[in-house]
Amino acid sequence: MDLEEAFHVVGEFGPYQKRAVAVLVLTQVYMACQSMLIVLIGFTPKYRIEQQDAIPSSPQELLQHVTFTEDVDSIVTEWFLIKQQAYKVSLAGSLFFAGLLVGNVIFGPLSDRIGRRPVYLTGLFFEVVFGYVTALAPSYEVFALSRFLVGLMNGGINVACFVLTQEYVGKSYWAMTGTLANMSFAVGIALFGALGYFVRPWRSLAMVANSSGVLFFLLSATLPESPRWLYSQGQTERAEEVLHYMALRNGNAVNHLMLQRVGAAKARNHDNRGTGVLQLVIHPVLRLRTMVLMFVWYACSLVYYGLTLGASDTSGSRYVNVAMYGLVELPAYPLCIYFINKHWAGRRKSMSSFLCLAGSACLFTMFVPENTGTLLSVTSLALLGKLMVSAAFNIAYVYTSELYPTVIRNAGLGVCSMSCRVGGILAPFVPSMRALHTSMPFTVFCLSGLSAGCLGLLLPETLNKPAAETLEELSSPTHSRVLENKPLLYEDDKANPK
């Protein structure tokens, strides 16, 4: 039998898979806290500089006359990151996303080569270690380096964690598990805002936010390797062992579970054209998909993190703002589940529509005066844009995992995530463009959302279509015809709903 038939026998989403996915999904709460850490610990309070008769001869002498008028403990107040040093706050945020980029480049293909589980556990362990270095950093330089290293590990485990939530279950549950992972990240942002309200000193906040990673590491240590990855690597016996283990824990008696034998060389898809990331460039089908998806992920990240990281700059309590920018995502996920499983919408149209709506919401902010005191305000439109781009981002995760074969899925997600991190690196600096003109940040977000939404229409639909396991399947005429976006397929979908 093939893998999908095996999951029907074992249980596509049985009790054991629910527990395993729950651990992976809740780990997103920890990763969200690390991603948003700089929003609160990098807050710049109001301050004044005492006037001196003599012009200070050095920045150190200037800082001796700085007085912060708000009772705030942050890296800004500890290391006086103001005036010419203010850029270091945004730099620390960008270093985290730069680490994510490097982590995606290194660990994405590595998890396709050595497995999802070892990459995930190793990355999570070292992220916790470097997270404590952040909390105990004696200087800004050590702090900045630790943020890069935390981002490096975060980027390594992020893709592997998401892929495991998909590959532990049957394909019909991929949209749900992917949505739960992204929903948990949104909840993590909201919880981090609440945590910041009760834990004000920045070192204590960094310490408490990082400590949850220890628990998630211990819970994750018992997780098995992905049976889909094992099968794609030709390790059929080990894949059968994992499936038997899942069936046993699900309470299903499976005595004879035999997978189709696939040669290791064929499963790994070794040929003269190269493997791994190189296939994303030279394979004609994957090349176009990867180029479009890279820009879609870049735009999603730029708008998503740009709006979120700018939450503390808007009026009102910064803790409430951070929590609201997390909670506003939650309605997006039921919308995703509804639309992406409808044959008249599917993955492609839904993702493109949400991106265009996010861009439109940012466009309308330029025509609304600030602090209007009404329901229609810049803040409400920004929250609407965050909701829409969150929906698009969630679909992009699910959609991308379906567009790549198993043997190269992590490499594909890794490259797309690399592009995503470029948007994340730029995102901390976009809100500061307000100094040029108040509408500049939203102009950038508007153009990014609209252009990515239009490009997304170039991708094929994957709703109710078989997932390719190898590159040979992706290139086969039968598989290509199945993925063509024809009305006839929609009629087939109605006749055979999942």
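Some notes on this structure:
- Hz values of 3J(HN,Hα) by residue in the stretch 346-352 - Karplus curve (6.51, -1.76, 1.60), Gly and Pro given as x: x, 6, 5, 5, 5, 4, 5
- Average accessible surface area per residue within the chain, 1.4 Å rolling probe, Å²: 41
- 3J(HN,Hα) along the stretch 220-227: 7, 4, 8, 6, x, 6, 5, x Hz, from the Karplus curve 6.51 cos²θ - 1.76 cosθ + 1.60 with θ = phi - 60°, whole Hz, x for Gly and Pro.
- Pairs of lysines in the chain (C-alpha under 21 Å apart; 8 or more residues apart or interchain): 23
- Long-range amide H partners of Tyr47 with built H, under 5 Å: Thr69
- Gyration tensor verdict on the chain (Cα atoms; rounded if a/c is under 1.5, prolate if a/b is larger than b/c, oblate otherwise): prolate
- Put a plus charge on the Cβ of each Lys and Arg, a minus charge on the Cβ of each Asp and Glu, and nothing anywhere else: the dipole of the chain about its Cα centre is then about 460 debye.
- Relative to the dominant Cα principal axis of the chain, helix 284-309 is inclined by about 30°.
- Think of the chain as a dipole: +1 on every Lys or Arg Cβ, -1 on every Asp or Glu Cβ, centred on the Cα centre; then among Ser419, Gln84, Val292, Val292 lies furthest on the positive end.
- Applying both filters, DSSP loop and at most 14 other Cβ atoms within 10 Å, to the chymotrypsin sites (Phe, Trp or Tyr not before Pro) of the stretch 323-352 gives Trp344.
- For the peptides 129-138, 392-401, the ranking by packing is 392-401, 129-138, with the highest mean count of neighbouring Cβ atoms within 10 Å listed first.
- Cysteines, the chain, no other Cys beta-carbon under 4.7 Å: Cys33, Cys161, Cys300, Cys336, Cys356, Cys416, Cys420, Cys454
- Signed unit charges on C-beta, dipole axis of the chain, positive-most listed residue Leu195, Thr122, Tyr319: Thr122
- Angle between the chain longest axis and helix 440-455 axis [Cα atoms, degrees, rounded to 10]: 10
- Helix 140-167 axis, angle to the chain major axis (alpha carbon atoms, nearest 10°): 30
- For the chain, the carbon plus sulfur part of the accessible surface works out to 65%, probe radius 1.4 Å.
- Most to least packed among 76-83, 104-111 [average Cβ atoms within 10 Å]: 104-111, 76-83
- Residue by residue, the stretch 360-368 carries 3J(HN,Hα) couplings of 5, 4, 5, 5, 5, 4, 6, 10, 10 Hz when phi is fed to the Karplus relation 6.51 cos²θ - 1.76 cosθ + 1.60 (θ = phi - 60°); x denotes Gly or Pro.
The values are calculated or read from the model by the stated rules, or taken from the named source; none is laboratory data. Predicted model only: the values in this text are computed from it and were never measured. We place every Cβ from the backbone using ideal geometry, glycine too, and count neighbours over all the protein chains shown. Side chains included, ligands, DNA and RNA excluded: accessible areas come from the protein's heavy atoms. Shrake-Rupley method; radii C 1.70, N 1.55, O 1.52, S 1.80 Å.
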